[in-house]
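One structure is given here, and the rest of the page talks about it.
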Amino acid sequence: MAVGKIGQTNNHSKLIMEYSEERNNISINLVQMRYGIIGNSPEIISAIEKVIQVAPTDLPVLITGETGTGKEVFANAIHGMSNRRKYPMVSVNCGAIPETLLESELFGHEKGAFTGAIDQRTGFFESAHKGTIFLDEIGEMPLGTQVKLLRVLESGEFSRLGSSTLHKVDVRLIAATNRELEIEVAQGKFREDLFYRLNAVHIKLPPLRKHIEDIPQLVDYFAEKTCSKLGIRYQGISLDALDILKSLHWKGNIRELKNLVETIVTIEKGDYITPQILSRYLPAALPAHEARDMPYERSIIQTIKNEYAQQFELGLIFRTLLELRNSINDLKEIILNLNEKIENISFNQNPAKNIKNYSIEKEIDKINLDSLNLEDIEKQLIEIALEKYNGNRRNAANALGISERSLYRKINKYDLEKRDDN
């Protein structure tokens with residue numbers, strides 16, 4: 001009898017464990033279907049389990065992960081499964097609001113609190129009373145605003161901008177960031193006490209490249225959803241096309257994959273996605289591979305190592321400037337030689353009547369060599385020669401070493417007609 005009872009007890013315990021496991025799986029599936037959290041990888045399942053555990057509580061939650069990993073989707077799931085779901089969830093992107101306005105947006109302001117405050121305004125915290133406030137990109141929040149936020153978390157009290165009156169609010173906080181807040185704390189950019197208060201529950205979402213086994217399910221989900229909106233039928237995707245998608249880096253993560261799938265399905269009208277079709281959209285959507293620096297030791301052409309890179313670049317800049325200066329000096333020397341040629345020309349008439357009394361060196365210094373444009377320099381030389389010979393084109397042409405006909409053509413080209421022969 002005892003053995004039978006023990007066997008019955010063991011069977012009962014086994015049934016309870018199986019029922020609990022089945023119930024847990026059902027809960028995970030319900031969360032995925034209701035809130036659009038797609039994926040069966042261990043990382044995603046672990047994050048969903050933590051959502052199920054923390055949602056019924058009022059603990060603040062910190063969700064971290066790269067841009068596009070679905071932080072707001074998880075925040076919506078936490079609120080939707082909480083006791084506050086009947087009340088509003090207010091989402092605020094702290095990085096999209098200027099620092100000077102963020103405090104006013106969060107906590108409100110009184111009339112006349114600052115220039116342009118013509119009325120009293122209710123802030124996001126008051127709007128989320130009894131509900132949830134989701135602060136996305138909280139790592140962008142200024143230190144002064146962080147102090148007020150910490151006070152709300154600890155006491156539920158705050159004051160509007162321009163007022164000393166305290167207001168009470170009952171709000172559950174969910175924060176998200178793509179930054180490493182531990183590093184921000186070490187650098188003095190984020191308050192340590194606020195970080196520990198937010199970090200009571202931490203859900204870390206993996207980048208898509210860390211759970212590529214979820215890509216087929218994600219593609220089907222986004223494709224079916226898009227086709228449903230368009231009223232068309234999704235034909236599917238080939239294994240080769242999926243292999244290509246799994247090989248990509250996905251810097252934009254799930255959001256990037258979503259945008260790509262929606263674009264393909266919309267334009268191709270739900271047709272079966274092959275590598276040929278996929279290749280038409282990849283260059284415009286994302287790079288086909290991730291660019292990485294080759295290790296110095298393995299490089300065929302060994303480049304300057306990082307510690308010398310800056311010094312090398314400066315040396316290159318200085319050498320370029322030196323060569324440019326030498327080129328300008330050579331050009332000035334050519335112009336001076338040309339001046340000698342002009343001075344040495346003998347005239348049949350009295351030179352004193354034809355040549356103005358001025359210094360050619362001063363005129364050469366007036367030439368603008370900034371652009372080193374040969375046409376600009378040629379125009380300036382023609383003007384100098386015409387001025388030197390009082391507009392006598394024959395003498396100016398001889399001095400420049402060109403025919404008189406060529407000089408006429410260049411005068412017309414540069415619109416120098418105002419200088420006529422005297």
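The values are calculated or read from the model by the stated rules, or taken from the named source; none is laboratory data. Since this is a predicted model, take the numbers as computed values, not measurements. When we count neighbours, we look across all protein chains shown, and the Cβ atoms used for this are built from the backbone with ideal geometry, even at glycine.
Taking every residue in the stretch 373-384 that is touching a residue at least 24 places away in the same chain (Cβ under 8 Å) and pairing it with any residue that is in a helix (DSSP H, G or I) and among the acidic types (D, E), at least 6 positions away or on another chain, the pairs with Cβ-Cβ distances below 7 Å are I384/E363. Residues in the stretch 180-223 that are closer than 28 Å to Q146 by Cα and of a type in the set (A, V, I, L, M): L181, I183, V185, A186, L194, L198, A200, V201, I203, L205. Count of the stretch 36-57 residues, restricted to those that are within 25 Å of L149 (Cβ to Cβ) and surrounded by 14 or more Cβ atoms within 10 Å (Cβ to Cβ), is 6. Filtered by the rule that a residue be farther than 16 Å from Y221 by Cβ and polar (S, T, N, Q), the stretch 231-276 gives S238, S247, T274, Q276.
Yes/no per residue for (1) surrounded by fewer than 16 Cβ atoms within 10 Å (Cβ to Cβ); (2) of a type in the set (G, A, S):
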| residue | (1), (2) |
| --- | --- |
| A176 | no, yes |
| P206 | no, no |
| E213 | yes, no |
| G231 | yes, yes |
| L245 | no, no |
| H249 | no, no |
| N253 | no, no |
| L257 | no, no |
| K269 | yes, no |
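Yes/no matrix, rows are residues, columns are (1) outside any helix (DSSP H, G or I); (2) on the phi > 0 side of the Ramachandran plot; (3) at pLDDT 80 or above; (4) loosely packed, with under 12 Cβ neighbours inside 10 Å:
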{"residue": "K353", "(1), (2), (3), (4)": "no, no, no, yes"}
{"residue": "N357", "(1), (2), (3), (4)": "yes, no, no, yes"}
{"residue": "N368", "(1), (2), (3), (4)": "yes, no, no, yes"}
{"residue": "L372", "(1), (2), (3), (4)": "yes, yes, no, no"}
{"residue": "I384", "(1), (2), (3), (4)": "no, no, yes, no"}
{"residue": "G391", "(1), (2), (3), (4)": "yes, yes, yes, no"}
{"residue": "A396", "(1), (2), (3), (4)": "no, no, yes, no"}
{"residue": "I402", "(1), (2), (3), (4)": "yes, no, yes, no"}
{"residue": "E417", "(1), (2), (3), (4)": "yes, no, no, yes"}
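Those residues that are within 19 Å of E72 (Cβ to Cβ) and touching a Lys or Arg at 6+ places or on another chain (Cβ under 8 Å), I need them from the stretch 223-252; list them, please. The one that is within 19 Å of E72 (Cβ to Cβ) and touching a Lys or Arg at 6+ places or on another chain (Cβ under 8 Å): W250. Filtering the stretch 76-109 to residues that are surrounded by fewer than 16 Cβ atoms within 10 Å (Cβ to Cβ) and part of a helix (DSSP H, G or I) leaves G95, A96, E99, T100, L101.
Taken over the stretch 216-234, residues that are touching a helix residue (DSSP H, G or I) at 6+ places or on another chain (Cβ under 9 Å) and part of a loop (DSSP other than H, G, I, E, B) amount to 3.
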